[in-house]
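The values are calculated or read from the model by the stated rules, or taken from the named source; none is laboratory data. Quick caveat: nothing in here was measured; it's all calculated off a predicted structure. With ideal geometry, Cβ positions are generated from the backbone for all residues, glycine too; neighbour counts draw on all protein chains shown.
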Ligand code: ANZ
Ligand code: ZN
């Protein structure tokens, strides 16, 4: 009873909170609503230290907003489709759902122990049929809008996982998951047309500036990769048995068309096969085999020796009439721009390297004041004056670009063009444990969407173990009774699409489902969604800086365009918490430096672990577990908790009659804490809280005493502030102070502005430069007030001795100088 026992508190409070349903929002409009969301977890085993950090940060915001009086939505769910479950099922001859839901139960228990302030009634799992039914429904709406389509394309293929990978899942040429070198394969695949939204995804980031980390915005901008330039059309001369054709390039430097001395097509573009002259076909095909083995990164590496083969064909430069030899090379990528470039070796280093490797002419067309690139081997890319460029001669680059575009337009050989690096989102996966694509393929009717009233298309539950192992086609293809269906349109024999969706599809709209997770008429309740969206604070790791956030933004915009949502952005504010390290390194099996969260909780208690996570530094910084002191946190918590016990229960409750100095500290702490919380400086709030605990302890032991109402006021402020970081200790304190549960709803303490005044400062009063008096004044004193006080000083009056006054110089609050007449 008299000792601080985290175990006793952890045993006592969860049931009380659950009974009171403390963390369910009222959702009745009686209070202003706010939505705070942590990126939902993937159910791989139990919670780890990284979860503990991220969720501690999100919980600070959630609990803070609740104390401010907002109706807070803070839900939790699981991103529960994905490969690890499938791999576990293959190994254990089980169904992926067994592993998945067992882990979810474990994590849910741990989250409850960790006292995350979430509304458990809103819990969802993306692998629940009631959830993926709506993922399929949304897919259909995208399909109807032309935003989901199929095409044959070379795809990244992981030979080990036997699955297609999105570009972003290929890291340095290797599979993000297993590290196997990724190869290319041609497959008919589903895509989302995210490129239609490239401009909006870019432009709408302006509104996020300042509310999202700069580096995340920069990464998104770079990923979208908007480039302004022009399309330039070249005519390929007819050859022996080959007709004339047209080739377009994308260039950011149309001003340099006069400097184009050759032409390059991506070696792996299907186009080159059409283009190549028969006598060069063999060399080309050998070269294409070499190129297949390379990753895009390797191909673009600037320090790699340039390779390529001549196609035997020539393109005509539309402005000079020059014949440019057409080469096939790997430094030009098939899926960027048009897959072809005009080679301008004078001003593009890659082109210059290529020209030098194959003895192609170099013609400088911009005089930048630097030495001739043909001589130095260094392309000059900067500003300058146009030369060797006919009508463009003498123009500066800024004028030359539009002038060149005009010339091209007049000849029908080009126009201004904005190119994006962003590709359409390849969403189909040849795996089992994902949302089935709700399409039926009929020989007569083609692609037929499964009617809405037949959703969800459920995964079959009779496939287990080996049957799930990857074969290059989806394991679903093996489930004959599932695959073979009659066509919804003509009733004829047809087959279900056997691919499943990328799990990023599931996580692109889950924040919308949380506003009404039990809603059965649609993905979310239209009457509720605008009450909560957008999410006011999103919390999660920077590893999701590009994909998840970009996809969620894309979904939000499409759903907005469908007229279902007012918001055009999903997350108004984003916080990327740091990583938890041990000994300065990320925890890993190979380093053997893993720290088990459960053990830490058993040893120090939930509150001490949470407090340590938050106190370690700004939330964006990494936490090195080797450098922090959970036992120090536990000591502080016990000290704070003791205040609750020590306040005399007979203490008066009117703080106005209490110790003024302590009151001033209490009110200043609360006031500063608020500003710090708004700025996400949670660690500093804890430091201030420690000072307040010390001051209160001193007041009890050697000052005003335990019965002083200011002491009660201070202890209550400690409990409420502490509730953001250490909910068990705070609840126990609140209870000891005589309040019913829960401290989570106590309300943020109100600040008496009058008490914020720092006690006083010393003002020096001089007469003719000589100090005559010292006055204790408020630091906020006005010049006028200070002047009055100084002139009224007895010492000053004595010095003046009846003399008149010439001037009074006042520098509030520190100095007054009086000059007698
Ligand atoms: C001629 C030129 C002259 C270029 C010059 C640059 C400088 P960003 O900014 O990334 O959009 N390019 C176009 N398509 C390509 C592809 N598929 N693979 C490799 N390179 C490609 O870059 C656009 C520039 O990259 C284009 O402008 C083109 O080279 C090249 F002094 O055209 B430029
Ligand atoms: Zn049909």
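Restricted to segment 376-463, the set of strands (runs of 3 or more DSSP E) holding at least 2 residues that are within 16 Å of ligand 1 (Cβ to nearest atom) comprises 414-420.
The lone criterion from (1) surrounded by fewer than 18 Cβ atoms within 10 Å (Cβ to Cβ); (2) over 29 Å from residue 198 (Cβ atoms) left unmet by residue 406 is number (2).
Checking residue 429 against (1) in contact with a helix residue (DSSP H, G or I) (Cβ under 9 Å, 6 or more places away or on another chain); (2) within 16 Å of residue 188 (Cβ to Cβ); (3) at pLDDT 95 or above; (4) buried (at least 22 other Cβ atoms within 10 Å of the Cβ), which single condition isn't satisfied? In the conditions (1) in contact with a helix residue (DSSP H, G or I) (Cβ under 9 Å, 6 or more places away or on another chain); (2) within 16 Å of residue 188 (Cβ to Cβ); (3) at pLDDT 95 or above; (4) buried (at least 22 other Cβ atoms within 10 Å of the Cβ), residue 429 misses (3) alone.
Got at least one residue in segment 312-320 being over 23 Å from residue 395 (Cβ atoms) and within 11 Å of ligand 1 (Cβ to nearest atom)?
We begin by selecting, within segment 312-320, every residue over 23 Å from residue 395 (Cβ atoms); these are 312-316.
Retained after the next criterion (residues that are within 11 Å of ligand 1 (Cβ to nearest atom)): none.
No: zero hits.
Looking across segment 65-99 at every residue that is assigned to a helix (DSSP H, G or I) and in contact with a strand residue (DSSP E or B) (Cβ under 9 Å, 6 or more places away or on another chain), the one that is surrounded by the most Cβ atoms within 10 Å (Cβ to Cβ) is identified as 66. Residue selection: residue 355 fails the criterion of being in a strand (DSSP E or B) and either within 10 Å of ligand 1 (Cβ to nearest atom) or touching a residue at least 40 places away in the same chain (Cβ under 8 Å) (or both).
Out of 505, 483, 515, 457, one residue alone is touching a residue at least 40 places away in the same chain (Cβ under 8 Å), in contact with a strand residue (DSSP E or B) (Cβ under 6 Å, 6 or more places away or on another chain) and surrounded by 15 or more Cβ atoms within 10 Å (Cβ to Cβ). It is 457.
Considering the conditions (1) touching a helix residue (DSSP H, G or I) at 6+ places or on another chain (Cβ under 7 Å); (2) away from ligand 1 (no atom under 11 Å from the Cβ), residue 254 is excluded by exactly one of them, (2).
Among the helices (runs of 4 or more DSSP H) confined to segment 657-735, the ones with at least 3 residues that are surrounded by fewer than 22 Cβ atoms within 10 Å (Cβ to Cβ) and without any contact (Cβ under 8 Å) to a residue 60 or more places away in the chain are located at 660-678, 682-702.
Yes/no per residue for (1) modelled with pLDDT of 95 or more; (2) farther than 21 Å from residue 532 by Cα; (3) not in a strand (DSSP E or B):
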{"site": "105", "(1), (2), (3)": "yes, yes, yes"}
{"site": "117", "(1), (2), (3)": "yes, no, yes"}
{"site": "130", "(1), (2), (3)": "yes, yes, yes"}
{"site": "146", "(1), (2), (3)": "yes, yes, yes"}
{"site": "156", "(1), (2), (3)": "no, yes, no"}
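Residue 293 versus (1) touching a strand residue (DSSP E or B) at 6+ places or on another chain (Cβ under 9 Å); (2) surrounded by 15 or more Cβ atoms within 10 Å (Cβ to Cβ): which is the lone unmet condition? The failed condition is (2). Condition (residue is out of contact with any strand residue (DSSP E or B) (no Cβ under 6 Å at 6 or more places or on another chain) and part of a helix (DSSP H, G or I)) applied to segment 582-598: is it met by at least one residue? Yes.
This table checks each residue for (1) away from ligand 2 (no atom under 16 Å from the Cβ); (2) at pLDDT below 95; (3) farther than 30 Å from residue 552 by Cβ.
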| site | (1), (2), (3) |
| --- | --- |
| 393 | yes, no, yes |
| 408 | yes, no, yes |
| 420 | yes, no, no |
| 453 | yes, no, no |
| 464 | yes, yes, yes |
| 480 | yes, yes, yes |
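For (1) under 30 Å from residue 582 (Cβ atoms); (2) surrounded by fewer than 20 Cβ atoms within 10 Å (Cβ to Cβ), each residue gets a yes or a no:
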residue: 11; (1), (2): yes, yes
residue: 32; (1), (2): no, yes
residue: 37; (1), (2): yes, no
residue: 53; (1), (2): yes, no
residue: 58; (1), (2): yes, no
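Of all the residues in segment 403-439, those that are without any contact (Cβ under 8 Å) to a residue 60 or more places away in the chain and out of contact with any strand residue (DSSP E or B) (no Cβ under 8 Å at 6 or more places or on another chain) number 2.
Looking only at segment 518-530, residues that are under 30 Å from residue 218 (Cα atoms) and surrounded by fewer than 19 Cβ atoms within 10 Å (Cβ to Cβ) come to 1 in all.
Suppose the filter is within 25 Å of residue 287 (Cβ to Cβ), at pLDDT below 95 and within 14 Å of ligand 1 (Cβ to nearest atom); does residue 335 pass it? Criteria met by residue 335.
Could you run through segment 518-545 and say how many residues are over 14 Å from the mean Cα position of the chain (by Cα) and within 16 Å of residue 72 (Cα to Cα)?
Number satisfying all stated conditions: 7.
Restricting segment 795-821 to residues that are assigned to a helix (DSSP H, G or I) and touching a strand residue (DSSP E or B) at 6+ places or on another chain (Cβ under 9 Å), the residue that is surrounded by the fewest Cβ atoms within 10 Å (Cβ to Cβ) is 798.
Within segment 767-810, the residues that satisfy the criterion of being in contact with a helix residue (DSSP H, G or I) (Cβ under 9 Å, 6 or more places away or on another chain), in contact (Cβ under 8 Å) with a residue 24 or more places away in the chain and under 26 Å from residue 755 (Cβ atoms) are 777, 778, 781.
Looking across segment 740-749, the residues that are on the phi < 0 side of the Ramachandran plot and touching a helix residue (DSSP H, G or I) at 6+ places or on another chain (Cβ under 8 Å) come down to 741, 742, 743, 744, 745, 746, 748, 749.
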